[in-house]
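Below you'll find the structure, written out as structure tokens, and then a few comments.
The values are calculated or read from the model by the stated rules, or taken from the named source; none is laboratory data. Model, not experiment: these values are computed from the prediction. Positions of Cβ are generated from backbone atoms using ideal geometry, with glycine treated the same way; all protein chains shown enter the neighbour counts. We work out accessible area using only protein heavy atoms, side chains counted, and drop any ligands, DNA or RNA first. Shrake-Rupley method; radii C 1.70, N 1.55, O 1.52, S 1.80 Å.
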Amino acid sequence: MRVATKGVIRTPPRAFVPHAFALLCVALLLLVIVRLPWAGDLGIHAATIERLRHDPLHPGNPLVDADTPSPYYSPWTLLLGCLAKATGLGTFVVLRVAALAGVALLVTGVGHFVRTFSTRRGVMPLAVLCLLLLWGPGLFNWSGFLGLNSLALTISYPSTFALGLSFHFWALLRKALGPAAGWRVFLGLGVLWAVILLSHQFTGVVASFGALAMVLGARPWPGRAVLLRVAGGLALGFGVLALWPYYSFFDLLGAGGLEEIHRSLYRNLLPHFGLALLGVAALAVRWRRDRRDPLVIFFALGAAMFAAGGLTGHYSWGRVLPAALIPAQVAAALEVFEAGAARRAFAALLGAALLLGAWTQAGTVGYVVPRGALPGPVAAKYRPPWTGYHWLTSSRVRVRYGDVVMAKTFPARQIPAYGPYTVAPGYPDFFLPDEGERGEAVRKYFAPGTARAERLGILRRYGVRWVVAYPGDGGLRADDPALRRTSVGPRGQVLYEVVG
């Protein structure tokens, strides 16, 4: 709505509210990049850049000293590794560059995609707010999920880059299906689709569902020539996937061992995602207007696969949930600008839901403001990030690139970020044939009943030069002649050099 004053049409102040709050959220994310909180999978992404920096052609396993492929070696991480090698920038500086690129792609991608549905001025910032805040009254963090707190912790991950590309991909495909673009456009879209899949496989599935929804919901229905070009782009995309030299994409289809990790995606659905039901209501209204609405089809595809994963025990399929959440959140933003008697009531409900979502994720401010400066209720929502292992590679300690460190699972998720390897990977590794043996070796080394000779044999077998252990972890005694106490880190961790 615009107000005319003395012949000049002006936008009412409330129209700028979504812009202001969206800008605040983006500014908060930019400040988070400066801090780059240590959490989740940051270690493996940093380790991937480290390996590519040292050898872009044959980087080997990112976590352990083994010559194996890895799905973390994607077009995006290869570019980041080459940037690190060419400029000499530190790995965590490069991760900040990746985060900036991810945020830029995400914000521009959301705008690009939303404008294919509506050109109303306030839709894009409101869609950004819905994607960041319309989740649930309970905090939920996971890579590939766009909640504000979740994004703050995963902002430098390939999933953020892939999601940003996905929004652009859907927008470009939607445009190409309209006036029937030429072959080069569809072939380019095929390559873009492959890059998304190679960069973050779960987000690639979400991108694929979105692309299918854009085709099925296109009006008018694409003719034979257009569908032929779509097939050509798809074929080229499959070719890129097949020829990618750093890992076999199609071998991932047989990967196992991920179901238990993802079981939690099916718990506490209403606390984690309940506010998005407003978007589902908006989708229902859109479905009544158009039975082939692309957002409705997108939601249906994502919801069906999510439900199938829960019913069959394939809990890793739960990672497709953004394919249901994203169209619902975008639909909620669009519905506010649709004509209708219930528009004001829906806008009020959505505003209340966004405020509740913002309060749920208020702890995100703690990543840019000292906890002591936060109001008590906000500080209670703040979850401190991990400490990290910078102290291992200081000039005084001298743990070098490529050294092997014996450590339990939690330290093993961070140590490779600084250049060393660990005996067993801190994350499941489908391409590592002796993953089970390595995990068992770490368990035996720290187990209380293991003989000294067997512990020494494990250290020799894997070429271990250092041991990181908390008091009470087990392993060789602190006064064992095979170890020399070198340094003490946060929370009483001790670094021992293997000397015997």
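Here are a few things to note about the model shown:
Condition check ((1) under 30 Å from Leu258 (Cβ atoms); (2) in contact with a Cys (Cβ under 7 Å, 6 or more places away or on another chain); (3) among the basic types (Lys, Arg); (4) buried (at least 21 other Cβ atoms within 10 Å of the Cβ)) across all residues:
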{"residue": "Pro425", "(1), (2), (3), (4)": "yes, no, no, yes"}
{"residue": "Asp429", "(1), (2), (3), (4)": "yes, no, no, yes"}
{"residue": "Pro433", "(1), (2), (3), (4)": "yes, no, no, no"}
{"residue": "Gly436", "(1), (2), (3), (4)": "yes, no, no, no"}
{"residue": "Arg455", "(1), (2), (3), (4)": "no, no, yes, yes"}
{"residue": "Arg461", "(1), (2), (3), (4)": "yes, no, yes, no"}
{"residue": "Gly474", "(1), (2), (3), (4)": "yes, no, no, no"}
{"residue": "Asp479", "(1), (2), (3), (4)": "no, no, no, no"}
{"residue": "Gly492", "(1), (2), (3), (4)": "no, no, no, no"}
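- Put simply, of Ala323, Ala345, Ala333 the only residue that is within 30 Å of Arg286 (Cβ to Cβ), free of Cβ contacts under 8 Å to residues at least 40 places away in the same chain and of a type outside the set (Asp, Glu) is Ala345.
- Neighbours by Cβ (under 7 Å, 6+ apart or cross-chain): first from the stretch 376-387, over 9 Å from Ala362 (Cβ atoms); second in a loop (DSSP other than H, G, I, E, B): Pro385/Pro37; Pro385/Ala39; Trp386/Ala39; Trp386/Gln414
- Filter result for Ala347 (within 30 Å of Gln493 (Cα to Cα), assigned to a helix (DSSP H, G or I) and aliphatic (A, V, I, L, M)): no
- Residue that is nearest to the chain's Cα centre (by Cα) [pool: residues in the stretch 216-233 that are surrounded by 18 or more Cβ atoms within 10 Å (Cβ to Cβ) and without any contact (Cβ under 8 Å) to a residue 60 or more places away in the chain]: Gly233
- Residue ranges of helices (runs of 4 or more DSSP H) in the stretch 171-253 with at least 1 members farther than 25 Å from Trp317 by Cβ: 183-199, 224-243
- Hits in the stretch 304-356 (condition: crowded, with 23+ Cβ neighbours inside 10 Å, of a type outside the set (A, V, I, L, M, F, W, C) and under 13 Å from Leu133 (Cα atoms)): Gln329
- For the stretch 285-300, the candidate set comprises residues that are part of a helix (DSSP H, G or I) and touching a Lys or Arg at 6+ places or on another chain (Cβ under 9 Å); within that set, the residue that is nearest to Arg174 (Cα to Cα) is Pro294.
- Checking each residue in the stretch 365-419 for being assigned to a helix (DSSP H, G or I) and closer than 22 Å to Val498 by Cβ picks out His390, Trp391, Leu392, Thr393, Thr409, Phe410, Pro411, Ala412, Ile415, Pro416, Ala417, Tyr418.
- Within the stretch 450-475, being within 19 Å of Val399 (Cβ to Cβ) and assigned to a loop (DSSP other than H, G, I, E, B) holds for Tyr462, Gly463, Tyr470, Asp473, Gly475.
- Pairs where the first residue, in the stretch 19-47, is over 18 Å from Gly419 (Cβ atoms) and open to solvent by 50 Å² or more (accessible area, probe 1.4 Å) and the second is among the charged types (D, E, K, R) and modelled with pLDDT of 95 or more, C-beta under 9 Å, 6+ apart: Val34/Arg96
- The condition (being closer than 21 Å to Leu100 by Cβ and open to solvent by 10 Å² or more (accessible area, probe 1.4 Å)) is satisfied by just one residue among Leu163, Leu187, Leu139, Leu153: Leu153.
- Residue within the stretch 385-403 that is surrounded by fewer than 20 Cβ atoms within 10 Å (Cβ to Cβ), of a type in the set (A, V, I, L, M) and out of contact with any helix residue (DSSP H, G or I) (no Cβ under 6 Å at 6 or more places or on another chain) present: yes
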